[in-house]
């Protein structure tokens with residue numbers, strides 16, 4: 001009997017140990033989720049400080065920091081067509097303390113040149129929140145008063161019309177290149193590190209036009225710049241009299257949704273905490289005011305939908321780059 005009891009005790013002890021070992025892998029993830037966040041979070045804005053994207057991101061992260069109970073520090077890294085945040089995420093720990101905006105360029109620039117990241121494998125697409133309004137502006141004293149005038153000038157003066165953008169391969173660049181191809185004209189592109197530099201160039205008379213997100217809005221409102229067209233699928237609420245490139249017959253639409261992303265391999269619990277916090281920022285009047293200021297709308301996608309959007313965008317941008325003859329160029 002004593003031997004039987006000892007054997008039974010050994011079996012039960014072994015079974016308990018086995019069950020314990022099965023449960024152990026979930027404990028670190030659970031502990032990580034329960035403790036998150038317990039220190040400041042870094043959010044990389046891959047554009048210069050002072051631009052429209054920087055302003056919107058600072059409004060969003062300020063709101064999210066209040067929800068999460070930890071500071072979110074915005075780190076500006078302008079240049080490389082907005083891909084410097086993506087490069088940083090590749091080497092960041094997937095612990096939720098390094099986040100970034102991944103602009104639309106991460107879907108197209110890899111088709112144009114070699115990059116230091118794999119768009120479909122290196123990131124966690126946490127939540128999409130909004131999207132840009134893009135447009136083409138010229139100085140108010142420019143003789144170019146419409147897209148029709150621009151096309152006529154460019155046909156008479158190939159490659160003489162200069163326009164700035166926020167970098168090679170960015171949405172403001174590619175939208176104009178698509179328009180130019182469909183219009184049968186050749187323009188000269190001048191890339192900058194972000195909205196702030198692009199606006200300085202157009203206001204300083206160094207370029208003839210600027211293609212950008214609505215960092216130009218205050219200058220249009222003040223009368224310093226003239227808005228020729230926007231790139232959305234429909235006219236904007238603030239500038240209802242300004243046509244879209246699409247309605248003018250150039251089949252060009254661009255809005256570039258964006259939100260918050262992290263490195264690959266993030267814990268699902270931490271991802272959900274971040275997703276839920278940033279989604280709640282869309283209920284914050286201060287965030288909505290920043291969207292209104294730059295004529296941006298809510299474009300919300302959860303983690304699964306944003307991940308699907310990334311895959312589909314990567315494929316569609318490949319087709320666009322090849323159609324524009326920019327594949328393999330940098």
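The values are calculated or read from the model by the stated rules, or taken from the named source; none is laboratory data. Keep in mind it's a predicted model, so treat the numbers as computed, not measured. When we count neighbours, we look across all protein chains shown, and the Cβ atoms used for this are built from the backbone with ideal geometry, even at glycine.
The set of residues in region 141-157 being part of a loop (DSSP other than H, G, I, E, B) and exposed (fewer than 14 other Cβ atoms within 10 Å of the Cβ) consists of 141, 143, 145, 157. Right, residue 272: within 18 Å of the chain's Cα centre (by Cα) and either over 30 Å from residue 323 (Cβ atoms) or in the same structural domain as residue 122 (by TED's automatic domain parsing) (or both) or not? Answer is no for this residue. With respect to the conditions (1) under 21 Å from residue 287 (Cα atoms); (2) modelled with pLDDT of 95 or more, residue 116 lacks only one, and its number is (1). The numbered conditions (1) touching a helix residue (DSSP H, G or I) at 6+ places or on another chain (Cβ under 8 Å); (2) at pLDDT below 90 are all true for residue 68 except (2).
Looking only at region 94-119, how many residues end up being over 15 Å from residue 258 (Cβ atoms), touching a strand residue (DSSP E or B) at 6+ places or on another chain (Cβ under 7 Å) and part of a loop (DSSP other than H, G, I, E, B)? Of the residues in that region, 3 qualify.
Among the listed residues 233, 254, 316, which satisfies the condition of being farther than 30 Å from residue 38 by Cβ and surrounded by 19 or more Cβ atoms within 10 Å (Cβ to Cβ)?
Working: 233 fails: surrounded by 19 or more Cβ atoms within 10 Å (Cβ to Cβ); 316 fails: surrounded by 19 or more Cβ atoms within 10 Å (Cβ to Cβ).
Every option except 254 fails the conditions.
Yes or no: residue 284 assigned by TED's automatic domain parsing to the domain that holds residue 63, on the phi > 0 side of the Ramachandran plot and either crowded, with 18+ Cβ neighbours inside 10 Å or in contact (Cβ under 8 Å) with a residue 24 or more places away in the chain (or both)? When the stated conditions are applied, residue 284 does not pass them. Among the conditions (1) closer than 30 Å to residue 33 by Cα; (2) at pLDDT 95 or above, the only one that residue 203 does not satisfy is (1). For region 235-248, the set of residues classified as over 18 Å from residue 299 (Cβ atoms) and touching a helix residue (DSSP H, G or I) at 6+ places or on another chain (Cβ under 8 Å) consists of 239, 243, 245, 248, listed by residue number. Can you name the residue in region 52-72 that is in contact (Cβ under 8 Å) with a residue 40 or more places away in the chain and either out of contact with any strand residue (DSSP E or B) (no Cβ under 8 Å at 6 or more places or on another chain) or not assigned by TED's automatic domain parsing to the domain that holds residue 284 (or both) and, of all such residues, is nearest to residue 104 (Cα to Cα)? Here the answer is 55. Restricting 255, 246 to those that are free of Cβ contacts under 8 Å to residues at least 24 places away in the same chain and under 23 Å from the mean Cα position of the chain (by Cα) reduces the list to 246. Total residues in region 193-227 satisfying the condition of being surrounded by 23 or more Cβ atoms within 10 Å (Cβ to Cβ) and under 21 Å from residue 131 (Cβ atoms): the figure is 11. With respect to the conditions (1) under 30 Å from residue 124 (Cβ atoms); (2) crowded, with 21+ Cβ neighbours inside 10 Å; (3) touching a residue at least 40 places away in the same chain (Cβ under 8 Å), residue 265 lacks only one, and its number is (2).
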